[in-house]
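Scroll down for the structure; my scribbles are underneath it.
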Amino acid sequence: MSSRPVAAPLPRAFYDRPTLDIARELLGCHLIVDHEDGRLVGRITETEGYLGFADTACHSSHGRTPRTEVMFGPPGHAYVYLIYGIYDMLNVVVGPLDDPCAVLIRAIEPLEGESAMIARRGGKRGRELANGPGKLTRALEITRSAFNRHDICTGQGLWIEAGSPVPEADVLTGPRIGIDYAEPEHRDAPWRFRVKRDARRA
């Protein structure tokens, strides 16, 4: 069992706000996953905001589908989807009901359970452990079957708690990754947020 004090999950009101504010403020927060064999905790170091109907990089811009249904629901739920037939990607649904926006969690640094994360990543460690959205879901064992549509405001299974705020001087912004299909105004928008010490990442 974890020796860390149990902190309250971020409240639903945190997620019922503008997408880019949330994407920025999630930096420094703690992503927590409870498994039968122990608790895994990572500090969020990179995010991307996706702005719903008006954002051609966002899944929900194509309308309501079985996959995107959760994005149209209340904020504070997990949207986990498969990419390239290999990687599960963790997003947090944000904004009001029927305004299908989300924040992609792109990278973490381990705070608790690092050895278990390394084992789940086949021995990968250091920067390679969880410096990408598919890497972090493998390190934390976040899967669609377990966590898609999960309510992250309950403090059970998967949730996010407040950490140490990241000063503006330590935050970098830039275009999102892997969205070449989007319209230029969305493809090039600076809606990716990173903690500066991760700036070596492309």
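Applying a threshold of 7 Å to beta carbon distances and a minimum spacing of six or more residues, or different chains, the list of pairs starting in region 39-62 at a residue that is over 28 Å from residue 120 (Cα atoms) and ending at one that is among the small types (Gly, Ala, Ser) and buried (at least 23 other Cβ atoms within 10 Å of the Cβ) reads 50/102; 52/60; 53/60.
Pull up region 74-90, narrow it to residues that are of a type in the set (Gly, Ala, Ser) and in contact with a strand residue (DSSP E or B) (Cβ under 8 Å, 6 or more places away or on another chain), then point me to the one that is farthest from residue 59 (Cα to Cα).
Step one: filter region 74-90 for residues of a type in the set (Gly, Ala, Ser), giving 76, 78, 85.
Imposing the further condition that a residue be in contact with a strand residue (DSSP E or B) (Cβ under 8 Å, 6 or more places away or on another chain) reduces the set to 76, 78.
Details: 76: 18, 78: 14 Å.
Restricting to residues being of a type in the set (Gly, Ala, Ser) and in contact with a strand residue (DSSP E or B) (Cβ under 8 Å, 6 or more places away or on another chain), the top hit is 76.
Suppose we keep only residues that are among the charged types (D, E, K, R) and part of a loop (DSSP other than H, G, I, E, B) within region 163-182. Which one would you say is modelled with the lowest pLDDT? Only one residue tops the list, namely 180.
Residue 41 falls short on exactly one of the conditions (1) exposed (fewer than 14 other Cβ atoms within 10 Å of the Cβ); (2) hydrophobic (A, V, I, L, M, F, W, C); (3) not in a helix (DSSP H, G or I), and that condition is (1).
If the requirement is being within 22 Å of residue 29 (Cβ to Cβ), within 16 Å of the chain's Cα centre (by Cα), hydroxyl-bearing (Ser, Thr, Tyr) and surrounded by fewer than 19 Cβ atoms within 10 Å (Cβ to Cβ), which of these qualifies: 137, 154, 143?
143
Residues in region 36-54 that are at pLDDT 95 or above, farther than 27 Å from residue 65 by Cα and not basic (Lys, Arg): 40, 41, 42, 44, 45, 46.
The values are calculated or read from the model by the stated rules, or taken from the named source; none is laboratory data. Computed from a predicted structure; not experimentally measured. Don't worry about glycine lacking a Cβ; one is built from the backbone with ideal geometry, like all the others, and counts go over all protein chains shown.
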